[in-house]
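What follows is a set of notes on a single structure, which appears directly below.
Nothing in this text is a laboratory measurement; each read-out follows from the coordinates by a stated rule. Keep in mind that this is a model prediction, so the values were computed, not measured. Glycine gets a Cβ as well: all are built from the backbone with ideal geometry, and neighbour counts include every protein chain shown.
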Amino acid sequence: MSSRTVSLGNRESYNAWKGFLEDLVRRGMSEPMLTVIDGCPGLSKAVDEVFPESHKQRCTKHKTENVLDKALEHDRVSVKESVRKVFYASTYEHAKEALEMFKKKWSMKYPSAVECLTEDIESCLTYYKYPYQHWLRIRTTNVVERSFKEVKRRVKGIGRFQNEERALTMVYWQLKELRWNGVIMNKEAKAILAKIRISRIQRIAA
């Protein structure tokens, strides 16, 4: 089962995100196994408080863009390739090896880029705990970002809504049109997810 929820908010503050998440809980949503988020500090803090046992996956696309912002234009292709070797490695261990290579290659020229990549790297690599068939979907917020682009396009064409309800209705139906269910749930994937659930139950009970 999938669900889509939209809510009004004038900015991505901690209070706005916490109120949104708490509303989901009040309406019956249980704590998710995994939350995929961008680098918004307010959202990250709210998720930590409302869903403390949920695994956190930091969007690797946003992180890559943040790292590239620290590099000069003529080096960005090379820096991006180094970052991709971290986030597209075949295993967690290979990803950590690629991270060390990134440090060695760029620490002298772009120490701020190295710091940016390493400061919360574990949250960027959470997806390695999950079935590899799911990695494409869960390591970024791309599916949501694409929907936002389409919503912005529609809003620009309309110009102004008569009231909040009509605006929310348009956003909701635009999100509903997207294909959200894109993960494979074969026997192997189900077994991995079952182990994660058991580990979580044991961690809570401890």
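Things worth noting here:
- In nm, spacing of pseudo-spin labels at Lys103 and Asp48 (7 Å Cα→C-beta vector): 2.2
- Candidate cross-link partners of Lys109 among the lysines, defined by an alpha-carbon separation under 18 Å and a same-chain spacing of 8 or more, comprise Lys70, Lys80.
- Across segment 1-66, the convex hull enclosing all Cα atoms gives 103 Å³ per residue.
- Rounded to whole Å, sorted largest first: equivalent-ellipsoid semi-axes of segment 141-206, Cα gyration tensor: 39, 16, 9
- Total lysine pairs whose alpha carbons fall under 27 Å of each other in segment 111-199 (8 or more apart, or interchain): 8
- For segment 75-136, the Rg and Dmax computed from alpha carbons only, in angstrom: 11.8, 37
- For the chain, fraction of C-alpha pairs farther apart than 30 Å, in %: 32
- Dipole magnitude of segment 1-63, debye to nearest 20 (Cβ charges: Lys/Arg +1, Asp/Glu -1, about Cα centre): 240
- Percent of Cα-Cα distances greater than 15 Å, calculated over segment 41-103: 61
- Placing +1 on each Lys and Arg Cβ and -1 on each Asp and Glu Cβ, with no other charges, gives the chain a dipole about its Cα centre of roughly 600 debye.
- For segment 95-106, 3J(HN,Hα) computed residue by residue from phi via the Karplus equation (6.51, -1.76, 1.60; θ = phi - 60°) reads 5, 5, 5, 5, 5, 5, 5, 4, 4, 5, 6, 10 Hz, glycine and proline entered as x.
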